[in-house]
Amino acid sequence: MKLKVKIRDTTLTIDTVHINAEGTVQDLIATLIEKNLAAPEVMHDLTIKGYEDIEKGHLRLSTLFCTSDKAYLSNTHISITLTMKAEAETLANQTLLDYSKVVQAVEKYDEALAALAVRPGTVFFVQQEADQYLLRRELWGIEVFHFRTQYEEAFQEAERTPIVTIELKSRDALTKDELKWVRTIMFPSRHRRNPLIRLNHPPISQAHIDVIATLIHRMVVIMGKFEGTATHLESNDAHLPTYVQLGVECSIGYIEKAQLEGIR
């Protein structure tokens, strides 16, 4: 992630930093101090506009910029304006990354869909410790949304801007360029198992890939829980299929939508 940083304390400083989008705001603060863009003694007790109640060590930069290209941090000593600089969106093929877990998860997902019908538009809730996501199943693939900032959007029928789009295509549906890239990570499948991953804030990292693989696997686990007990799986106005992992405790099933809306 490329950020333009404007810092105003006793002077005005403008610079650019590159940082992992899945790092936290605390990681960014440490980077600014390391680059001598701000003094450590004035970086305490910063508040983040719109996220005042979230610990800086828990708030990911990808969350901070999921709805806007600007973010604001301040205290009585300093104000910081962050602007995310656009980078060309491409398939996730610009660096050598290990996609094997994603490929395996997609295979399991395709097999799970064959065993249990999941209505297009079904929204899943997945929580891994403090990280909370909504995943939307569509005929062409999967969309991933941040729970706190994109809750309503995940249920919209149009104009959605997921943080991650995982398009699943059969070999025959791939374009020439897509087929060329898929061959770098797997033998192209004739089934709808060829994953094309796009982020709304490229470039992609191995951390992104690993989280995506885990989220797809969580969907598979949820579907396996209902296999044989239902003819299909769906979300509705009352509940969502869910996977919650907190420490060693794991809960799989449905969660009341009213409960989710209460913890946002």
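Over its Cα atoms, what ratio of radius of gyration to 2.2 N^0.38 Å does the chain give?
Numbers: Rg = 20.0 Å, N = 264, 2.2 N^0.38 = 18.3 Å.
Taking the Cα Rg and dividing by 2.2 N^0.38 Å, one obtains 1.09.
What is the gain in length, in nm to one decimal, between residue 230 and residue 69 on full extension, counting 0.36 nm per residue of separation less the C-alpha to C-alpha distance? Can you show the working numbers first?
Numbers: separation 161, 0.36 × 161 = 57.96 nm, distance 4.25 nm.
This chain segment gains 53.7 nm when fully extended.
List the relative contact order of the chain as a percent without decimals, with contacts defined as Cα pairs under 8 Å and 6+ residues apart.
Value for the chain: 19 percent.
For the stretch 224-238, take each phi angle, set θ = phi - 60°, evaluate the Karplus expression 6.51 cos²θ - 1.76 cosθ + 1.60, and give the result in whole Hz per residue in order, putting x for glycine and proline.
x, 4, 9, 4, x, 9, 8, 7, 7, 10, 7, 9, 8, 5, 9
Towards the positive end of the charge dipole of the chain, with charges on Cβ (+1 Lys, Arg; -1 Asp, Glu), say which of 239, 20, 103 has the farthest Cα.
In the chain, that residue is 103.
Given +1 on the Cβ of Lys and Arg, -1 on the Cβ of Asp and Glu, and no further charges, what dipole in debye does the stretch 146-244 carry about its Cα centre, rounded to the nearest 20? Present the calculation step by step, with values, prior to reporting the outcome.
On the way: 13 positive and 12 negative charges, 127 e Å.
In total the dipole reaches around 600 debye.
Using the Karplus equation 6.51 cos²θ - 1.76 cosθ + 1.60 (θ = phi - 60°), what ³J(HN,Hα) coupling, rounded to whole Hz, does each residue of the stretch 108-115 give in order, writing x for Gly and Pro?
Result, rounded to whole Hz: 5, 5, 5, 5, 5, 5, 6, 8.
For each pair in 6/49; 4/180; 85/108; 101/180; 4/176; 70/108, compute the distance between the two Cα atoms and list the pairs where it is over 27 Å.
Violating the 27 Å limit, Cα to Cα: 4/180; 85/108; 4/176; 70/108.
Treating only the Cβ atoms of Lys and Arg (+1) and Asp and Glu (-1) as charged, compute the dipole magnitude of the chain about its Cα centre; round to the nearest 20 debye.
760 debye
Through the Karplus equation 6.51 cos²θ - 1.76 cosθ + 1.60, θ set to phi - 60°, convert the phi angles of the stretch 162-173 into ³J(HN,Hα) values in whole Hz; use x for Gly and Pro.
So the Karplus estimates, Gly and Pro as x, are x, 6, 9, 10, 10, 8, 10, 10, 6, 4, 5, 8 Hz.
Only the coordinates and a few stated rules stand behind these numbers; no lab work does. Fair warning: this is a prediction, and the values are worked out from it, not measured in the lab. Glycine also receives a Cβ, built like all others from the backbone with ideal geometry; neighbour counts cover every protein chain displayed.
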